[in-house]
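Working notes, structure below.
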Amino acid sequence: SRAELVLGLDGEPYFLLTETVRPAAGSEGEAAPPTRRLLEYAIKAECTHLGCLVQEDVALLAGPGGFACPCHGSKYDATGAVTRGPAPAPLGIA
């Protein structure tokens, strides 16, 4: 999945998440081009350690995705769960 940073209604940063949808081949065997689908939730882009703005983890872009705090090194998986501290809690879900 991919993430786009946006501001929420209260001005707080969130990542809107999308995933690639690959349609089935048509009747003539031609594959339709892939499209992107917006997931039903967003992830708050604020590190739970000290409130820094997290970024997409470039090391995980080719795989399942994830997020990293550039300030103190916390890492989160694509669902916002902590995979490496010092963050004490997962990223918020909206």
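The values are calculated or read from the model by the stated rules, or taken from the named source; none is laboratory data. Small disclaimer: the values here were computed from a predicted structure and weren't measured. Here Cβ is always computed from backbone atoms with ideal geometry, including for glycine, and neighbour counts include all displayed protein chains. Heads up: the accessible areas ignore ligands, DNA and RNA and are worked out on the full protein's heavy atoms, side chains in. Shrake-Rupley method; radii C 1.70, N 1.55, O 1.52, S 1.80 Å.
Taking residues in segment 2-23 that are farther than 16 Å from Gly66 by Cα, and partners anywhere that are among the hydroxyl-bearing types (Ser, Thr, Tyr), the pairs with Cβ atoms closer than 7 Å and at least 6 places apart or on different chains are Val6/Tyr14; Gly8/Tyr14; Val21/Thr35.
Taken over segment 64-80, the criterion of being open to solvent by 40 Å² or more (accessible area, probe 1.4 Å) and more than 10 Å from the chain's Cα centre (by Cα) is satisfied by Pro70, Cys71, His72, Lys75.
Look at segment 80-94: where a residue is free of Cβ contacts under 8 Å to residues at least 40 places away in the same chain and a partner is of a type in the set (S, T, N, Q), sitting 6+ places away or on another chain with Cβ atoms under 9 Å, you get Val82/Thr48; Val82/Ser74; Thr83/Ser74; Arg84/Ser74; Gly85/Ser74; Pro86/Ser74.
Can you confirm whether Glu19 is at pLDDT below 95, acidic (Asp, Glu) and more than 14 Å from the chain's Cα centre (by Cα)? So Glu19 fails the test.
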